[in-house]
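The structure appears right after this line, and notes come after that.
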């Protein structure tokens, strides 16, 4: 049965882009006649997610488009992930002002470079790699950080490669270097958008099942299971990346970067998911 589907999105350009990707998927499959997008202007990840769940529960929206790393490890009762997007690049990348490039140095960063980082995981991984680096936390969005790079107030910034791809960022005078996700391990589920809906809305869940990416689900199920089961005090410094090969084997890399002097790493490769997250956590916490 065709119906109007109301999509809730974060009130920024990324939310708009991700909602448009979902809209296009609906159009390709001729599932619906019209989509209305409602931007929700809420500051902060926690407030935004709580608000969007409230909008779902009230029936004001049918589907919420959420950058998957922003989802809490445990969803509220009555709220489910209806589908996942195809995975964009899961890696982190470093954006560097081309005028301060030093190709003889690690990551082409000059000694003592000032680099914007999003949090403890990236900060500690970067310091482990380049001990004399200066890391700074910069409030605001990626556009602000790019402006600061261009004005040389900072030399570089660590960003999700998927974020740069989704937004189609213009990077004139800026060099982008991809960081290997097997070594510079990204956030769990990075590069994936989640389409969240009401558990009881069977019609919407059936529609969403038609655009669900099973490969992304296999990988992110492992990553988010590690996030869910590890001690909550460790979640902010956790990185997990799972890739699958043509033989359906799972290769999972993880990092716990609570301290740059004692970063812990884990790797598990096997043909099934049985006890895989548990083995990762055991390696990280032993």
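Since every read-out is calculated from the coordinates, none of them should be taken as a lab result. This one's a predicted model, so the numbers in the text were calculated from it and none came from an experiment. Positions of Cβ are backbone-derived with ideal geometry, glycine not excepted, and every protein chain shown enters the neighbour counts.
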When 68, 169 are arranged by how many other beta-carbons sit within 10 Å of their Cβ, fewest first, they go 169, 68
For the stretch 224-285, what's the radius of gyration and Dmax over Cα atoms, in angstrom? 11.7, 37
Once both axes come from the Cα atoms, what is the angle between helix 13-29 and the longest principal axis of the chain, in degrees from 0 to 90, rounded to 10? 50
Using the alpha-carbon atoms, what tilt in degrees (0 to 90, nearest 10) does helix 214-229 show relative to the longest principal axis of the chain? 70
Restricting to Cα pairs under 8 Å and 6 or more apart, the percent relative contact order of the chain works out to 22
Quick one: give the max-minus-min coordinate of the C-alpha atoms of the stretch 92-178 along each principal axis, largest first, in Å. 31, 27, 22
Order of 48, 143 - criterion: other Cβ atoms within 10 Å of each residue's Cβ, fewest first: 143, 48
When each pair of different Cα atoms in the chain is counted once in the 1/r mean, what is the Kirkwood radius in angstroms, to one decimal? 20.0
Residue order, fewest to most beta carbons within 10 Å, for 102, 132, 62: 132, 102, 62
Tell me, rounded to the nearest percent, the portion of alpha carbon pairs in the stretch 151-286 spaced more than 23 Å apart. 46
Against the longest alpha carbon principal axis of the chain, how many degrees, from 0 to 90 and to the nearest 10, is the axis of helix 276-285 turned? 30
